[in-house]
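Asks: Below is a structure I'd like to ask you about.
Nothing in this text is a laboratory measurement; each read-out follows from the coordinates by a stated rule. For clarity, every value in this text was computed on a predicted model and none was experimentally measured. Quick reminder, even Gly has a Cβ in these numbers, built from the backbone with ideal geometry, and neighbours come from all protein chains shown.
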Amino acid sequence: MSFFSGVYQINVRVKEIKKAVEWYEEILGSRVLKDYGKTVVLQHDRGVPVCLIEKPPHIELPDNLDGTHPVFSVFPTSVEDCRAALIECGVEVLEGGSKGHFKFRDLDDNLLEAYLPGLYEEARFKPYR
């Protein structure tokens, strides 16, 4: 029996909250749900909220290339357009991944991922299950 009903939110540490909120709004299309000053909760039309938290200046941001990171759902017809639009906006899109998902970085170098729901149910991804 689980005590959990799902993921409540994803926390992302950022250097400057105002610049980060602007980036998530303009580049990813997020909208502000709540603004607490140094903590801002964002969301898309549906899905798990992303909580941006301004880090204290003495704390380093981790390089989480293989660790925990937010994963954003992408529409099946929009995967390549999404990748192209991010690149056009100057976003660092990392090479690798397969058609249907890719990783990229925000302005604070946090790792993010675009993912096409249902992708890993395909036979070609059986070794990863």
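Asks: Over 20 Å between Cα atoms, which of LYS19/LYS99; LYS55/LYS103; LYS19/LYS55 qualify? Please report the intermediate quantities before stating the final value.
Replies: Values: LYS19/LYS99 30 Å; LYS55/LYS103 23 Å; LYS19/LYS55 13 Å.
Pairs exceeding the cut-off: LYS19/LYS99; LYS55/LYS103.
Asks: What is the sum of charges around VAL93, taking Lys and Arg as +1, Asp and Glu as -1, for the other residues whose C-beta is under 13 Å from the C-beta of VAL93?
Replies: Net charge around VAL93: -4.
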